[in-house]
1. Going by the conditions given, is Val279 open to solvent by 60 Å² or more (accessible area, probe 1.4 Å) and under 18 Å from the mean Cα position of the chain (by Cα)?
2. Cβ-Cβ distance below 7 Å, separation of 6 or more or different chains: which pairs start in segment 94-123 with a residue that is more than 24 Å from Leu197 (Cα to Cα) and end on one that is open to solvent by 50 Å² or more (accessible area, probe 1.4 Å) and assigned to a helix (DSSP H, G or I)?
3. Any residue in segment 350-373 that is over 11 Å from the mean Cα position of the chain (by Cα), charged (D, E, K, R) and open to solvent by 30 Å² or more (accessible area, probe 1.4 Å)?
4. Any residue in segment 197-217 that is over 18 Å from Val73 (Cα atoms) sitting within a Cβ distance under 9 Å of a residue that is surrounded by 15 or more Cβ atoms within 10 Å (Cβ to Cβ) and among the charged types (D, E, K, R)? List the pairs, counting only those 6 or more apart or interchain.
5. Output the number of residues of segment 258-267 satisfying the condition of being assigned to a helix (DSSP H, G or I) and either surrounded by 20 or more Cβ atoms within 10 Å (Cβ to Cβ) or touching a His at 6+ places or on another chain (Cβ under 7 Å) (or both).
6. Considering only segment 348-370, I want to know if a residue exists there that is part of a helix (DSSP H, G or I), of a type in the set (D, E, K, R), in contact with a helix residue (DSSP H, G or I) (Cβ under 6 Å, 6 or more places away or on another chain) and closer than 30 Å to Phe65 by Cα.
7. Output the residue which, of all residues in segment 233-254 that are farther than 28 Å from Leu202 by Cα and out of contact with any Phe, Trp or Tyr (no Cβ under 7 Å at 6 or more places or on another chain), is surrounded by the most Cβ atoms within 10 Å (Cβ to Cβ).
8. Within segment 211-232, does at least one residue satisfy the condition of being out of contact with any helix residue (DSSP H, G or I) (no Cβ under 6 Å at 6 or more places or on another chain), in a loop (DSSP other than H, G, I, E, B) and crowded, with 16+ Cβ neighbours inside 10 Å?
Amino acid sequence: MSKPTSPFPVEPPDEPAPTARKASSREVKKLRELLEGPFGIRSPLSLTGLFVLASFYTLYFCRSFLLPVVLAVVLSLLLSPVVRGLRRLHVPEAVGAGLVLLILLGAFGTGLYQLAGPAYDWMQRAPQSLRKVDARLRTLKKPVLTLGKATEQVEKIAEVSGSPKPAAVAVQAPSLRERLFSQATELAVDGVVMFVLLFFLLASGDLFLRKLVRVLPRVEDKLRAVEIARRVQRQISAYLSTLTMINVMLGVAVWVAMSLIGLPNPQLWGAMVAVTNFVPYLGPAVNYGVLAMVGFLTFDTLRHALLPPAVFLVLNVLEAWVISPMIMGRRMTLNPVVLFLALTFWGWMWGIVGAILAVPIMVVTKILCDHVEPLAPIGEFLGD
């Protein structure tokens, strides 16, 4: 008996799909090495390098924003003990911060008013002054001038007589007044931002420290955070105030010494020394050059012309080798190599203001590293 056939075609059942081949342990290891190797996307070295490059780019690109912020933070560390002292006298922090800023602005405005005129006169006379100094030193440059004339004669002989000379293109450069006005406008805007932020930092008092204590979960962490913050703030404030006092004393000594030897505008040179002395190595070098040029412009004989830099040499050696080590000791002495690299880096990154801020930034970094245990090796490396 035949089986009944279905009117619809019946397809044979599907064969089971072959299972995927399981990857061997050697292949898995090779894939992991490709992803997490020394140049892989998850390598700590690669991520650290990208983070460092991004940080450098951010510091350079945002320098117009970061400079007032860093200056405000450094000044708040310097002036916060004064505000706390006023608070002990039952003066509210906002009122104390306002009084401190008014005194600071008054002193800064008075000094700027007294020094702006002489500084502008010297800058305006800079080209004529340089030519005068060059004429005074011409006797010392005779070998160089002779070599220069010989080079010019060789160039004239090597020129082709029939070759047309390219047309000279005159570029209209901005005048000194325009450059000063542009820079003064930028400095005024940055100064307003800095002083407003400084007022809020001084008026807030321990607001950020209290918020940090609230965030930390354990009582031991809260106590340790308060202890480290107080110690760091106290040491940074003591260092910055001591350094400022030493530089002001050096500026006053230069002022008096230049007055005694008859140099014009002695208060200008004293203020210059007090500000530039915040920059090690480069600041004294600039002072030597400026005082030597002013001496050649003021006095007729070579012996009297070298008197201003010679006087500054005595005062600088006395400050750097006697007064500063005696007052500050060697506890906060920085590594000279690291300090020079920091000056070069911050000067390239933020200009003159960056070079001035290099030492406070390095000191703050060293103190923080000394008080945070995981960062202690970095603090040891930064120290002398």
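The values are calculated or read from the model by the stated rules, or taken from the named source; none is laboratory data. Quick caveat, the model's predicted, so the values are computed rather than measured. We place every Cβ from the backbone using ideal geometry, glycine too, and count neighbours over all the protein chains shown. Ligands, DNA and RNA are stripped out before the accessible areas are found, and what is left, the full protein with its side chains, is counted by its heavy atoms. Shrake-Rupley method; radii C 1.70, N 1.55, O 1.52, S 1.80 Å.
1. On the way: open to solvent by 60 Å² or more (accessible area, probe 1.4 Å): no; under 18 Å from the mean Cα position of the chain (by Cα): yes.
The answer is no for Val279.
2. From residues that are more than 24 Å from Leu197 (Cα to Cα), the pairs are Gln114/Gln267; Leu115/Gln267.
3. Yes.
4. So the pair list comes out as Val213/Lys222; Arg214/Lys222; Leu216/Lys222.
5. Residues of segment 258-267 that are assigned to a helix (DSSP H, G or I), as a first pass: 258-260, 266-267.
This time we only want the ones that are either surrounded by 20 or more Cβ atoms within 10 Å (Cβ to Cβ) or touching a His at 6+ places or on another chain (Cβ under 7 Å) (or both), so: 258.
Going through segment 258-267 one residue at a time, the tally reaches 1.
6. Restricting attention to segment 348-370, the residues satisfying the condition of being part of a helix (DSSP H, G or I) are 348-370.
After this cut, where a residue has to be of a type in the set (D, E, K, R) as well, the list is 366, 370.
Within this subset, residues satisfying the condition of being in contact with a helix residue (DSSP H, G or I) (Cβ under 6 Å, 6 or more places away or on another chain) are 366, 370.
Filter once more, keeping what is closer than 30 Å to Phe65 by Cα: 366, 370.
The answer is yes, given that some residue of segment 348-370 is part of a helix (DSSP H, G or I), of a type in the set (D, E, K, R), in contact with a helix residue (DSSP H, G or I) (Cβ under 6 Å, 6 or more places away or on another chain) and closer than 30 Å to Phe65 by Cα.
7. Taking segment 233-254 and keeping what is farther than 28 Å from Leu202 by Cα, we get 250, 252-254.
Subset that is out of contact with any Phe, Trp or Tyr (no Cβ under 7 Å at 6 or more places or on another chain): 250, 252-253.
On the way: Leu250: 23, Val252: 15, Ala253: 19.
The extreme case among them is Leu250.
8. Scanning segment 211-232 turns up no residue that is out of contact with any helix residue (DSSP H, G or I) (no Cβ under 6 Å at 6 or more places or on another chain), in a loop (DSSP other than H, G, I, E, B) and crowded, with 16+ Cβ neighbours inside 10 Å.
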